[in-house]
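What follows is a short report on a single structure.
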Amino acid sequence: MSVVVRAKCGAVRGESRQGHSVFLGIPYAAPLEGARRFQAPAPARGWDGVRDTRTFGSSVPQPILWHPGDDPECLTVNVWTPDTTSSGMPVLVWLHGGACLGGTAATTDFDGAAYAATGIVVVTVNYRVGYEGFGWVDDAPCNRGVLDQLAALRWVHENIAAFGGDPGAVTLIGQSAGASSVLGLIADDVAPELFRRGIAQSPGKIFVPADEARAVSAMITSKLGVAAKADALAALAPERIHAVQMAPVAIMSSEPGRWTHPNAPYSLIVDNELFDAPPWTGRRQRLSGTNRELICGFTTDEARMFTVDADLSGIDPLDTARGCGLDADAVRDYRAGHPGITDDDLHALILSDALFRIPALWCAQAHAETGAATYLYEFAWPSPARDGALRACHGLDIPFTFDTPGSPLAASLIGARIPSDFAALSAAMRDAFTAFAATGDPGWPRFDDTDRLRRIWSTPPALGGESLAISGRIWLGERPVPSRRDAAHESLR
């Protein structure tokens, strides 16, 4: 059965389902055509009559989930609402992950039906990735993918009341690269009128200085034989850029100490416009006095997602540590803190800490230091997939977050058979996130640097303290020492 909503953006026809309605592929910005592919998002085109929004729109350009000829009107949102005739319901706005390289909201992985059943309006967002979203362009703003996210939040602010949501009760939630966006926007107190609180699931250490982003992108444009200008890049088909965009990684990974994020060609850029510093420094929170509540979390075995299929027989954990900015003393400390750990497990542990777990802890610390309500969690439920080899890996918490055990992501990370304890753990997580969206309190004690409490998502959920004690001591006394690049940024102020 169809249902029509008349919002500020225009009239849209969605589908009424059991207990909720869904509207898919609503444009919040103009199509990615010509030089607009590499510029700040422009306002969406209007339409006459009622627009059909019962199927997902296209994904944004990327190597896997997009194909040449896909609709360029791909900056879209999807909305799940309990009741289009109601009002004042809390809103969750979801930002997917994907290392700034890929990802899409056009998937059942992020189905909002379970939240809609509890009185929450859910919005999922397509935003630009790859060079279009995060590559350096001389005559365009940085972090265009994040500017897309802000444009989507403005769409929510202007339109969500028509779907029953409260524009003053928006919680921004994201995972991996999406979580990093959440933290960056909160740390720099960007657009406080557009969202009230944030949930950051496995944020990555992917903030890089502008000079580094420019250098990495130059490796790509040199391969393409074009200048880093919007018009020149727009003359290239997206697939031409996709074909060469990983070339910098081979160079950076051979000298990881020279690069902030040597594992991927794109990152969030510290441009002194949108982002002034990485969110774990705490500098911007202290200046802005942000009072936005935050949940920040990580999985126990983050890097297992990336190492499970790798041949680690020739990997020396010392090389792994050095690639992450640590030294031989750190490896000895890891071994002392984890007696009997194998080289393979130590490799994965160091990467888990470097890429996600320590950044999440640092961000929780920095936010708590402002006095704002801060909550930390660890997702520790071990996956049965691959004979248990994945453990509690990166992304495993997503099917539990959305109650989507039959989704493609769940099939790859959990397996075809739904574990008996899935439903209870998923319900506990969603209850906490729902309460947080409504009140700012997820139901466990706040994190601070004294008690350091965290919610442990396992079966059954529990409360734990002294999160990442061993790893935190290894990683520079649990707080980052400003680098020369950070000092250079400070000197510009």
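Tell me the Kirkwood hydrodynamic radius of segment 1-77 in angstroms, computed as one over the mean inverse distance between distinct C-alpha pairs.
Values: mean 1/r = 0.0739 Å⁻¹.
About 13.5 Å, per the Kirkwood formula over Cα pairs.
Show that you can apply the helix-only estimate: for the chain, add -39,500 (n - 2.57) for every DSSP H stretch of four or more residues, divide by all residues, and state [θ] at 222 nm to the nearest 500. The partial results should precede the final answer.
Details: 19 runs with 163 residues, N = 493.
Computed mean residue ellipticity for the chain: -9000 deg cm²/dmol.
May I have the extent of the alpha carbons of segment 107-258 along their three principal axes, as whole Å values ordered from largest to smallest?
Cα spread of segment 107-258 along its principal axes, largest to smallest: 51, 35, 30 Å.
How would you order 448-454, 8-14 from highest to lowest mean count of nearby Cβ atoms within 10 Å? Please list the in-between numbers first.
Numbers: 448-454: 15.3, 8-14: 18.3.
Descending mean neighbour count gives 8-14, 448-454.
Give me the one-decimal Kirkwood hydrodynamic radius in Å for segment 168-286, with the sum taken over alpha-carbon pairs. Spell out each step's value before the answer.
Working: mean 1/r = 0.0633 Å⁻¹.
About 15.8 Å for segment 168-286.
Kirkwood Rh over alpha-carbon pairs of segment 367-418, then Stokes-Einstein at 10 °C and 1.306 mPa s: what D in µm² s⁻¹, rounded to an integer? Intermediate values should be presented prior to the final figure.
On the way: Rh = 12.3 Å.
Rounded, D is 129 µm²/s.
Could the peptides 87-94, 148-155 be put in order, highest first, of the mean number of other beta-carbon atoms found within 10 Å of their residues? Numbers along the way, then the final one.
On the way: 87-94: 21.8, 148-155: 24.1.
Top to bottom by mean Cβ count within 10 Å: 148-155, 87-94.
Could you work out what % of the accessible surface of the chain is carbon and sulfur, using a 1.4 angstrom probe and leaving DNA, RNA and ligands out of the count? Write out the running numbers ahead of the final one.
On the way: 9460 of 18380 Å².
Percent of accessible area from carbon and sulfur atoms in the chain: 51.
When all C-alpha to C-alpha distances in the chain are sorted into bins of 10 Å, what percent of pairs does each bin hold, rounded to whole numbers?
4, 20, 31, 28, 14, 3, 0
Over segment 263-369, average the accessible area per residue using a 1.4 Å probe and give it in Å², no decimals. Each step should come with its number before you reach the end.
Working: 4000 Å² over 107 residues.
The answer is 37 Å² per residue.
Determine, for each peptide in 64-75, 201-212, 267-278, the mean count of other beta carbons within 10 angstrom over its residues, then list the peptides with the highest first.
Details: 64-75: 15.5, 201-212: 23.8, 267-278: 21.4.
The densest-packed peptide leads the list: 201-212, 267-278, 64-75.
What are the ³J(HN,Hα) values, in whole Hz, obtained from phi via the Karplus relation 6.51 cos²θ - 1.76 cosθ + 1.60 with θ = phi - 60°, for each residue of segment 46-58 in sequence order, with x given for Gly and Pro?
Each residue of segment 46-58 in turn: x, 8, 9, x, 10, 8, 7, 10, 10, 9, 4, x, 6 Hz.
Using a 1.4 angstrom probe, figure out how much accessible area segment 17-106 has per residue, in square angstrom, rounded to the nearest whole.
Numbers: 3520 Å² over 90 residues.
Dividing the accessible area of segment 17-106 by its residue count gives 39 Å².
So which aspartates and glutamates can Lys223 reach, going by Cα to Cα under 16 Å and dropping same-chain residues fewer than 8 places off?
Glu239
State, in angstrom, two size descriptors of segment 391-447 derived from its alpha carbons: Rg to one decimal place and Dmax to the nearest whole number.
Calculated on Cα positions, Rg and Dmax stand at 12.6, 36 Å.
Going by amide H atoms built from the backbone, whose H comes under 5 Å of the H on Ile456, apart from near neighbours?
Result for Ile456 returns Glu378, Ala462, Leu463, Gly464.
Hey, can you grab everything whose amide H is under 5 Å from the amide H of Ser176? Only 5+ residues off in sequence or another chain; H modelled, so Pro and N-termini drop out.
For Ser176, the qualifying residues are Gln201, Ser202.
Using just the C-alpha positions of segment 58-139 as equal point scatterers, what log10 of I(q)/I(0) does the Debye formula give at each q in 0.14, 0.19, 0.20 1/Å?
Treating every Cα as an identical point scatterer, log10 I(q)/I(0) equals -0.54, -0.83, -0.88.
Using a Förster distance of 45 angstrom, determine the FRET efficiency expected from the C-beta separation of Asp231 and Ala310, and round it to 0.05.
Working: r = 41 Å, r/R0 = 0.90.
Between Asp231 and Ala310 the formula returns 0.65.
The values are calculated or read from the model by the stated rules, or taken from the named source; none is laboratory data. No experiment lies behind these values; they were computed from the predicted model shown. Glycine also receives a Cβ, built like all others from the backbone with ideal geometry; neighbour counts cover every protein chain displayed. Areas reflect the complete protein model, heavy atoms only, side chains present, ligands, DNA and RNA absent. Shrake-Rupley method; radii C 1.70, N 1.55, O 1.52, S 1.80 Å.
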